[in-house]
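One structure below.
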Amino acid sequence: MRIWNSEHTFNHSWDTVVTAAWRKYPNPHNPSVLGLDVLDRRVDSEGKLKSHRLLSTSWGFPSWVRKMIGMQDMCYASELSTVDPENKTFTLRTRNVTLSNIVTVDEHVTYCQHPTDPNKTLLKQEATVTVSGLPLCNKLEQMMTDAMTNNASKGRQAMEFVIDKLTKEARELSAEAQKCMDTVLPHANTL
Amino acid sequence: MKYLSKRAASMDSVGTDCRELKRTYDECFNKWFSEKFLKGVTEDPCTALFKVYQDCVKKAIREKNLNLEEIETDVLGTEREKQPPPTT
């Protein structure tokens, strides 16, 4: 079993980051996430939003690994998440379903408001990787945790990409609204 | 924060027939989430859209005979939600 973890700070408010997180895919930094479906979603009695999602990925294993474990093209993972708007936390737990009898990847992610700066958001990620029943277990586990470090960096780039996109959309909307006002108001004053 | 209603690139669904239903539901959810839920309005106006989309996804999972026995679609609100993943 191998444990991997990572921390990062976004220079954006928690509201912005969480809104962007729901719109994270598709993005050019995570091309292996091919499909995403919401299996269930509800607001619980404490006002927290609970979601259960199904991710379809290509995982991107090298071909020698795929041949060794007889891997099919599409892999599936289950994600359970909770958004707590009062405490400003968003927690996600993702684990693979496909090949779970051979390799288990269990990832916990938390986005929370920075304790001292409300304009920043902390991201904490932790994953455990266990490979069993195969030769080269340690090597495979190491490879996967290396891939996670690489993917975590891409994931952060993806979030910045989406936040940037949403900010641009809002600016374009403001500019359009301003143009409308500039056109309409001069006439309104003469009515 | 309102956003332009341009047709953004959308993700695939596990069921190709469900893609448009997913896109419509996601648009409703994203709008409600940022404009209402984060401001304390917990009533979800997208439930009807979600039901149609959810039925499509469940059907696609069944039709593909996906061996997703651990992905039971009714986990939220049950004891299974809090269970750790199975160890082998």
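Take the conditions at pLDDT 85 or above and either part of a helix (DSSP H, G or I) or closer than 23 Å to residue A:92 by Cβ (or both) and apply them to residue A:125. Does it pass?
The answer is yes for residue A:125.
Just to be sure I understand the filter: pairs with C-beta atoms under 8 Å, separated by 6 or more residues or on different chains, first member in the range A:45-56 and more than 7 Å from every other protein chain (Cβ to nearest Cβ), second member of a type in the set (Phe, Trp, Tyr) and surrounded by 17 or more Cβ atoms within 10 Å (Cβ to Cβ). Which pairs pass?
A:55/A:76
Do any strands (runs of 3 or more DSSP E) entirely within the range A:73-116 hold 1 or more residues that are facing another protein chain (nearest Cβ under 9 Å) and under 13 Å from the mean Cα position of the chain (by Cα), and if so, which?
So the answer is A:75-84, A:89-96.
Kindly indicate the residue of the range B:8-37 that is polar (S, T, N, Q) and outside any helix (DSSP H, G or I) and also nearest to residue A:112 (Cα to Cα) among those meeting that condition.
So the residue we want is B:10.
Tell me yes or no: at least one residue of the range A:29-51 is touching a Gly at 6+ places or on another chain (Cβ under 6 Å), within 19 Å of residue A:76 (Cα to Cα) and of a type outside the set (A, V, I, L, M).
yes
I'd like to verify a number: residues in the range B:38-54 that are assigned to a loop (DSSP other than H, G, I, E, B) and under 21 Å from residue A:54 (Cβ atoms), how many? Even if it seems obvious, please write down each step before you answer.
From the range B:38-54, those assigned to a loop (DSSP other than H, G, I, E, B) are B:40-46; that's our starting set.
Filter once more, keeping what is under 21 Å from residue A:54 (Cβ atoms): B:44, B:46.
So the count comes out to 2.
I'm checking my understanding of the structure. Among residues of the range A:128-138 that are within 9 Å of another protein chain (Cβ to nearest Cβ) and assigned to a loop (DSSP other than H, G, I, E, B), which one is farthest from residue A:4 (Cα to Cα)?
Result: A:133.
Would you confirm whether or not the range A:119-126 contains a residue that is in contact with a His (Cβ under 9 Å, 6 or more places away or on another chain), closer than 30 Å to residue B:42 by Cβ, within 14 Å of chain B (Cβ to nearest Cβ) and among the aliphatic types (A, V, I, L, M)?
Kept after step one, since they are in contact with a His (Cβ under 9 Å, 6 or more places away or on another chain), are these residues of the range A:119-126: A:119-126.
Checking which are closer than 30 Å to residue B:42 by Cβ leaves us with A:119-126.
Now restrict to residues that are within 14 Å of chain B (Cβ to nearest Cβ): A:121, A:126.
With among the aliphatic types (A, V, I, L, M) added as a condition, the list becomes none.
Among the residues of the range A:119-126, not one is in contact with a His (Cβ under 9 Å, 6 or more places away or on another chain), closer than 30 Å to residue B:42 by Cβ, within 14 Å of chain B (Cβ to nearest Cβ) and among the aliphatic types (A, V, I, L, M), which makes the answer no.
Give all pairs with beta carbons closer than 8 Å in which a residue from the range B:35-52 that is more than 9 Å from every other protein chain (Cβ to nearest Cβ) meets a residue that is aliphatic (A, V, I, L, M); count only pairs at least 6 apart in sequence or on separate chains.
That search, which allows pairs on different chains as well, returns B:35/B:1; B:49/B:21; B:52/B:21.
The values are calculated or read from the model by the stated rules, or taken from the named source; none is laboratory data. What you see is a predicted model; the values in this text were computed from it and never measured. Every residue, glycine among them, receives a Cβ derived from its backbone with ideal geometry; neighbour counts consider all protein chains shown.
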